[in-house]
């Protein structure tokens with residue numbers, strides 16, 4: 001699995017690290033990044049948004065039925 005590596009806006013290198021992030025909404029987050037290039041050392045912010053979904057199995061799967069603990073115990077005892 002690949003890992004997202006933001007590109008430094010100063011040196012255009014990919015020797016960067018995401019120090020922290022803040023999720024504003026389920027589809028938008030802000031990433032606070034540092035460039036690790038010893039000649040650059042720029043600190044920058046990346047804003048990431050999910051724009052659309054290509055494919056999802058979410059609607060095709062039936063939603064699980066929530067039951068309480070007593071009903072589960074009765075089913076197991078049968």
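Quick notes on this one:
- For the stretch 5-32, the set of residues classified as surrounded by fewer than 10 Cβ atoms within 10 Å (Cβ to Cβ) and out of contact with any strand residue (DSSP E or B) (no Cβ under 6 Å at 6 or more places or on another chain) consists of 25, 26, listed by residue number.
- Test for residue 63: is it more than 16 Å from residue 7 (Cβ to Cβ), assigned to a loop (DSSP other than H, G, I, E, B) and modelled with pLDDT of 70 or more: no
- Residues of the stretch 33-47 that are in a strand (DSSP E or B) and surrounded by fewer than 14 Cβ atoms within 10 Å (Cβ to Cβ): 43, 45, 47.
The values are calculated or read from the model by the stated rules, or taken from the named source; none is laboratory data. None of the values given here were measured: they were computed from a predicted structure. For neighbour counting, all protein chains shown are included, and Cβ atoms are generated from backbone atoms with ideal geometry for every residue, glycine included.
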